[in-house]
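Coordinate-derived values only; no laboratory data. Since the structure is predicted, the reported quantities are computational estimates derived from the model, not experimental observations. Heads up, the Cβs are rebuilt from the backbone with ideal geometry, glycines too, and the neighbour counts pull from every protein chain shown.
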Amino acid sequence: MDRRVLLLALATFVTGTAENIVIGILPDIAGSLDVSLGLAGQLTTAFSITFALAAPAALLLTARFQHKAAFLAALAAFAICNLLAAAGPGYGALFAARVGMAAASATIALLATMLATELVDESMKGRAIGVIFMGVSGSLVLGVPIGMLVCSLAGWRSVFLVLAALAVIVLVVCHSKLPDVGARRQGPPDYLAHLRSRPLICAQLVSILMISGHFVLFAYLAPYLGAVLGIVGMGTVLAFIAFGIAGVSGGYLGGLAADKLTPRRAIMLVPAGYLTALMLIPLVTGTSLSFFPVMMAWACLSWMISPAVQSFLIAMGPDTAEAGVSLNLSAMHVGVGLGTALGGVAVERVPIAYLPGIGAALAAMALIAAALAHRGTARPAEMAAQREAGDRLA
């Protein structure tokens, strides 16, 4: 694995921390700006919505630029937006800075993925994408707690100053270490060709449905642990640490599965394993000893899906790979919003113990979509094999 991929993962670690850090410092922001917790919470909502909308737009805006140059410009914009967030006099300024931060983050995530695949050979592309997603998942495990610590020591504005400083450091190192890869595109990305492909659309649905199924439970994991298993206080903290460690490993393992098993097999096996884990959760809630291993398997599999799907999109639609990856970044955030919303409705209407079952229903639909994607790519592959066999006979 090219070590420069780790630099790109560090960039996604910083942007992932920026997306989720508000959750950890919410009371401090609300108190300082004299707004309600609910209004302060919309800073995260605004980030997610902007990210989902900005990923396809970012590909259009950077079409005429070389990947490295566009990546460095996005890092610079991200740093500036964090400085504006730190200096903003009120809620409106912070909200606007978060929108700019999200647009820059979407561009960074997209270009980091594309650059990572350009730095490695064909047999390592899945693992390169997996390392990028390890940066994102690692931000939840390490970035958010570190941000909370910085906030407790120097205030919430200092968190954004630290993020700006980290972005500048990554920018400087990437400027000197990254090669000039990624040719300028002559025309706009072919979104229509991507959207006309049934297998590729089904693969995008796998991301939306599986991530939705994940967040139905994950967004309400703390109350679920308390109500169903009686895990509270430090036990909840330990559960989230275990979940995070498993999630970080899942990013790499998803890419490894795509490389070793082929993306077509990985896109089937990961949702199947994930569905199995969700179905097992209600059966192992008797004790923490039985619950934690299943929970960690669920966490690991949940982070395996993005590298598996993106490897599939690149391998099966190479001519529309950039469009596919940008749309997949949007699909992931759509899944987050949909799953969180469905989970919120569910906890108001049914016992919280039902959440794994609702998540499993969505995971089952993701498995159906994966089967359609897998089947849709089989025929072209078979035809290619037949042509190759015919050539040999001739």
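A few comments on the model shown:
- Longest site-free stretch - the chain; sites: trypsin sites (Lys or Arg not before Pro), DSSP loop, at most 12 other Cβ within 10 Å: 185-394
- Using alpha carbons only, the radius of gyration of region 86-155 set against its Kirkwood radius gives Rg/Rh = 1.12.
- For the listed peptides 28-34, 213-219, 233-239, a ranking on the average number of other beta carbons within 10 Å per residue, highest first, reads 213-219, 28-34, 233-239.
- Overall size of region 1-118 from C-alpha positions, given as principal axis extents largest first: 47, 28, 22 Å.
- For region 288-384, the calculated P(r) over all alpha carbon pairs, in 5 Å bins from 0 to the bin holding the longest distance, is 2, 10, 15, 21, 18, 13, 9, 6, 3, 1, 0 percent.
- Estimated inter-spin distance, Val345 and Ala222, nm [label 7 Å along Cα→Cβ]: 2.5 nm
- Dimensionless Rg ratio for the chain, taking C-alpha atoms and the 2.2 N^0.38 Å reference: 0.98
- Only helices enter the 222 nm calculation for the chain: every DSSP H run of n ≥ 4 contributes -39,500 (n - 2.57), and dividing by all residues gives -28500 deg cm²/dmol, rounded to 500.
- Once you reduce region 13-73 and region 243-299 to the center of their Cα atoms, the two points are 28 Å from each other.
- Sparse packing (at most 12 other Cβ atoms within 10 Å of the Cβ) combined with a DSSP loop state is found for none of the chymotrypsin sites (Phe, Trp or Tyr not before Pro) in region 49-86.
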